[in-house]
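Worksheet: one structure, shown below.
The values are calculated or read from the model by the stated rules, or taken from the named source; none is laboratory data. Model, not experiment: these values are computed from the prediction. Cβ sites come from the backbone with ideal geometry, for glycine too, and all protein chains shown count toward neighbours.
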Amino acid sequence: MQSPDALTTTNSEGKRVGVFPALPPKKGFWEVRRKWVQWGMLLLYVAVPWITIHGHPILMLDIANRRFSILGTLFFAHEVPNLVFVTLSFLMGIALFTTLFGRVWCGWACPQTVFIDRIFRKIEAMIDGDHLAQRKLFNAPMSGDKFFKRVLKFGLFALISLLLGQVFLGYFVGPKDAFHYLLESPSDHPGAFFTVMLLSGIVLFDFGWFREQFCLIACPYGRFQSVFMDQGSLFLAYDEKRKDCIECGKCVAVCPTGIDVRQGLQFECIACTACADACDSVMDKIKKPRKLIGYGSLLSLQGIKAKVFRGRTILYATCLGICITALSYKMANRQIYQMDVIRAIDTPYQQIKDANGKEWVINHFKIKFYNLDWEKAVADYAVSKDAEAQGVEIIRSPAGSTALNIESGKGAEAQFFLKVPKSDFHEGVAKSSITGIWNQGAVTNHTEVTLVGPWK
Ligand code: SF4
Ligand code: SF4
C-alpha cells in the first residue's frame, strides 16, 4: 500500500502511474464557467504579444537585447532596482492571491491547464476515446490500431506545439519579427529557429505527455502555494460532516492529478473544480443538496467565516503596496536618455597663454551617454549657454568628432577638454556645465562640472 505522503501519480518504486481523468460533466456549474474563462485566457495568451500600451508591448521579454516591457513599461536588465521591484511586486501579488483564493490560478488560468483542457485533452478524447478507452489503449500491447492512433495523436500534438512555439516566440522578439522570421529561411535567423524548436519541444513534452507531473514535481508555484495558504484560503473542500457520500468514485475519476478530494487539503489539488461538478451531478441524481464538494476553507469547514483582512493578507497587501509605490516612483523619475560626465585620467589641468596673452586652464573630461529608449538615438554635447557666456570653450577629442549614434540599451563614450579663462578660478576651482543633446535637441540634459586649476 502506498504511503499517504507519496505522490498519487507514482508507484512505490517511483515510476509514473498514468492518470486518465474522465471529462467533467459538460453542463456542470463550474465547468460552464471554467470553459469561458479558459477560452478567454487561451485567446489572451495567443494575443498578448500583439497588445500594446502607448506603442509598447504589454509583455515582452527581449532576452537577446536584455530588455523588457511589462504593462507597456520599458526597462533594461541592468536597471536592477526596477527589476527587483517588478519581481517583488509579482511575488507579493501571487502571495496575496494565493492566500485569498488558493490555487484558483492553477485550475482556471495557468497556460498549461488551459491548453491541456481545451485543446490537448479534446484531441485525445477524439482519437483515443473516453478515459476508460484511453487506459485500455495505454495498457494494450502495440498493434496496428494503437500505432496509428499514437502517430495521429502525437502528429496533431506536434503540429499544435509548433504553432504555439511560433506564437510564444512573439513574447521574446515581438509578433511582427516572429512572423517575419516564419517567412524566411531558418538559416537567416538560427537563434529564432532554435527558440521556436525549443518552445515547441517543451510544449509537446509538457502538454502532450508530462502534464500533471509538472504541477506536482516541477512547478515552483505549486511547491510554494502551501507556504502562502492559511486557514482562510479557498480550496476544494469535501464536507465530510454531511455523510452523503455514496462512494461512487466519480470525484476521483475526473481528477486530473489522480487524488481523492475526500482526504482533505492536498498539495496536488489544482482547484480545477472537476470533482465538485462530478459530485453535484451525483447529488442531483440521489436528490441530495449539491456542494458536498465545493469551494471552502479550513475555517468554513468548522462553520467559521474567514475574514478577508487577516494577518497574512494584510502583510502581503502592505508589501505589495510598498513595492508598487516604489516601482511607480522609480519609473516616473526614470530618464530614458542618461549622461554622466567624469574627469579623464590625465594630468589635473594644463595652463596655456593665447596670442593675446590671455591665460587659460584646460581640463580633460569623459562623457558617457546611455540610451534606454527602445529605438536608436543620436547624442551630442555642448557647453551650456550660461557657461558659454563666461567664455568657456569646448574642445572635442578627436577634433571635429560628431554626434554619436547609440543603439537601444547601449552606451557610448566621448572625450573633450574644457578651456576656461584662468580668471574664472577661485581658490583653484571653477564651475561650468555641459548639455547633452539627444535626437537634434528633442531632449536635453544638463550636468554641472567642476574644473580644477591653479590656486591663484
Ligand atoms: S481534487 Fe478536485 S479540484 Fe483538486 S485537482 Fe482533483 S478534481 Fe481538481
Ligand atoms: S463524487 Fe461525491 S458521492 Fe461520489 S465518491 Fe465523490 S464525494 Fe462521494
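Mind checking whether some residue in the stretch 414-430 is touching a residue at least 40 places away in the same chain (Cβ under 8 Å) and within 22 Å of Arg334 (Cα to Cα)? Scanning the stretch 414-430, I find no residue that is touching a residue at least 40 places away in the same chain (Cβ under 8 Å) and within 22 Å of Arg334 (Cα to Cα), so the answer is no. Close contacts from the stretch 222-233, counting a first residue that is more than 14 Å from Gly311 (Cβ to Cβ) and a second that is of a type outside the set (Gly, Ala, Ser) and surrounded by 19 or more Cβ atoms within 10 Å (Cβ to Cβ), with Cβ to Cβ under 6 Å and a gap of 6+ residues or different chains, come to Gly222/Cys215; Gln225/Thr98; Gln225/Arg103. Every listed requirement among (1) in the same structural domain as Asn139 (by TED's automatic domain parsing); (2) touching a Cys at 6+ places or on another chain (Cβ under 9 Å) is met by Pro24 save one, (1). Checking each residue of the stretch 307-323 against the condition of being more than 16 Å from ligand 1 (Cβ to nearest atom), more than 30 Å from Asn445 (Cα to Cα), of a type in the set (S, T, N, Q) and in a helix (DSSP H, G or I) gives at least one match. As a summary of the residue check, Thr52 satisfies the conditions (1) out of contact with any Leu (no Cβ under 9 Å at 6 or more places or on another chain); (2) within 16 Å of ligand 1 (Cβ to nearest atom) except for the one numbered (2). Within the option set Trp30, Trp39, being touching a helix residue (DSSP H, G or I) at 6+ places or on another chain (Cβ under 9 Å), outside any loop (DSSP other than H, G, I, E, B) and within 26 Å of Cys248 (Cα to Cα) holds for one residue only, Trp30. Residue count for the stretch 69-98, restricted to those that are closer than 21 Å to Lys176 by Cα and in contact with a helix residue (DSSP H, G or I) (Cβ under 8 Å, 6 or more places away or on another chain): 3. Taking Phe90, is it touching a Lys or Arg at 6+ places or on another chain (Cβ under 9 Å) and away from ligand 2 (no atom under 16 Å from the Cβ)? The answer is no for Phe90.
Taking the residues in the stretch 247-267 that are on the phi > 0 side of the Ramachandran plot and at pLDDT 95 or above as candidates, determine which candidate is nearest to ligand 1 (Cβ to nearest atom). Working first, answer last.
At the first step, the residues of the stretch 247-267 found to be on the phi > 0 side of the Ramachandran plot are 247, 249, 258, 264.
After this cut, where a residue has to be at pLDDT 95 or above as well, the list is 247, 249.
On the way: Glu247: 16, Gly249: 12 Å.
Only one residue tops the list, namely Gly249.
Give the stretch 223-259 a look and list any residue that's outside any helix (DSSP H, G or I) and near ligand 2 (Cβ under 8 Å from one of its atoms), or say none.
Within the stretch 223-259, the first condition is being outside any helix (DSSP H, G or I), and the residues that meet it are 229-239, 243-249, 254-259.
Correct list: Tyr238, Asp244, Cys245, Ile246, Glu247, Cys248, Gly249.
Annotation note: of Arg343, Arg310, the sole residue that is in contact (Cβ under 8 Å) with a residue 12 or more places away in the chain, surrounded by 11 or more Cβ atoms within 10 Å (Cβ to Cβ) and closer than 19 Å to Thr99 by Cα is Arg310. What is the residue count in the stretch 47-75 for residues that are surrounded by 14 or more Cβ atoms within 10 Å (Cβ to Cβ), among the β-branched types (Val, Ile, Thr) and touching a residue at least 60 places away in the same chain (Cβ under 8 Å)? Count: 2. Only a single item in (1) within 16 Å of ligand 2 (Cβ to nearest atom); (2) of a type outside the set (Val, Ile, Thr); (3) surrounded by 15 or more Cβ atoms within 10 Å (Cβ to Cβ); (4) part of a helix (DSSP H, G or I) is not met by Gly294, and it is number (4).
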